[in-house]
Amino acid sequence: NASAAPSTGLPALDGVLGGLIDGDNVVWQVGSIEDYQPFVRPYCEQALLQGRRLIYFHFERHDELLPPHFGAEMHRLDPAVGFETLTAEIHRVIARAGRGAFYLFDSLSDLAADWYSDLMLGNFFMLTCPYLRELDTIAYFALLRARHSHHAVASIRDTTQLLLDVHRHDGALYVHPLKVLGRYSPTMYLPHAWEGEAFRPVTESAAISGIYANL
């Protein structure tokens, strides 16, 4: 049902974030692409379940996040073509897809590596994120933590609607919302431990210190 509310595919995470809203860009700041993957699959499965058009931009710098025949429309892109060519091609696909499509992007850090420029990475996001928002899409992006200048990360943080920090500690995954535009709850900005189907807010300061000590 394409009129259903957009979702992360993880009901408990929807609860933490107050759900997704049409136009949301979601940036997952991760230590490795492996920590992005567990959030990608439920989101994509839910999008297809709702009858959404799902478009995947694959930069071919790591394994595909979705298997062939998954149901996503995949566009393989080589960041080596440069900032202007790649941005123009992505925007052409977005224009053709129109309103309400769902998007999955590989790691944005792959682009900066090829372009040798955090500035270009920030520019790409500042051009692409508002365009997607205008069309009431939902888009997932990954960004590798501690790989980029403060300026680039600040540009992305200022432009996106959701910025979620993902940490792995003692084998468990934690989601720490750093920005959630237009929604608020008393525990929203705490780290949340992913336990089974639940996301439990971590309120003990000692536990929070432990999570961050290994970063």
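What the phi angles of the range 173-182 give under the Karplus curve with 6.51, -1.76 and 1.60, with θ = phi - 60°, is a coupling list of 9, 10, 10, 10, x, 9, 8, 9, 6, x Hz, glycine and proline written as x.
So what is the relative contact order for the range 5-44, in percent, with contacts set as C-alpha pairs under 8 Å and at least six apart? Before the final figure, lay out the partial values.
Working: 25 pairs, mean separation 19.2, N = 40.
Over the range 5-44, the number comes to 48 percent.
Within the set of other residues whose C-beta is less than 14 Å from the C-beta of Cys44, count the net charge using Lys and Arg as +1 and Asp and Glu as -1. Result for the local shell: -1. Extension gain, Glu195-Ala154: 0.36 nm per intervening residue step, less the Cα-Cα distance, totals 11.7 nm.
The local environment of Leu86, defined by Cβ-Cβ distances under 15 Å, has a net charge of -4 under the rule Lys, Arg +1 and Asp, Glu -1. Using a probe of 1.4 angstrom and keeping all protein chains present, the accessible surface of the range 57-215 works out to 47 square angstrom per residue. Between 0 and 90 degrees, the angle of helix 83-97 with respect to the longest Cα principal axis of the chain falls at about 90 degrees. The simple Förster model, with R0 at 41 Å and r as the Cβ-Cβ distance, assigns Glu60 and Thr203 a FRET efficiency of 0.45. Surface composition of the chain: carbon and sulfur make up 54 percent of the accessible area, probe 1.4 Å. Given +1 at the Cβ of Lys and Arg, -1 at the Cβ of Asp and Glu and no other charges, the dipole of the range 1-103 around its Cα centre is 380 debye to the nearest 20. Remark: the Ala95-Leu48 segment gains 14.9 nm on full extension, using 0.36 nm per residue and subtracting the alpha carbon distance.
Pairs of alpha-carbon atoms within less than 8 angstrom and 6+ residues apart define the contacts here; what relative contact order does the chain have, in percent?
Relative contact order, the chain: 26 percent.
The values are calculated or read from the model by the stated rules, or taken from the named source; none is laboratory data. Not measured: the values here are computed from a predicted model. FYI the Cβ positions are ideal-geometry reconstructions off the backbone, even for glycines, and counts take in every protein chain you see. Note: areas computed on protein heavy atoms with side chains; ligands, DNA, RNA excluded. Shrake-Rupley method; radii C 1.70, N 1.55, O 1.52, S 1.80 Å.
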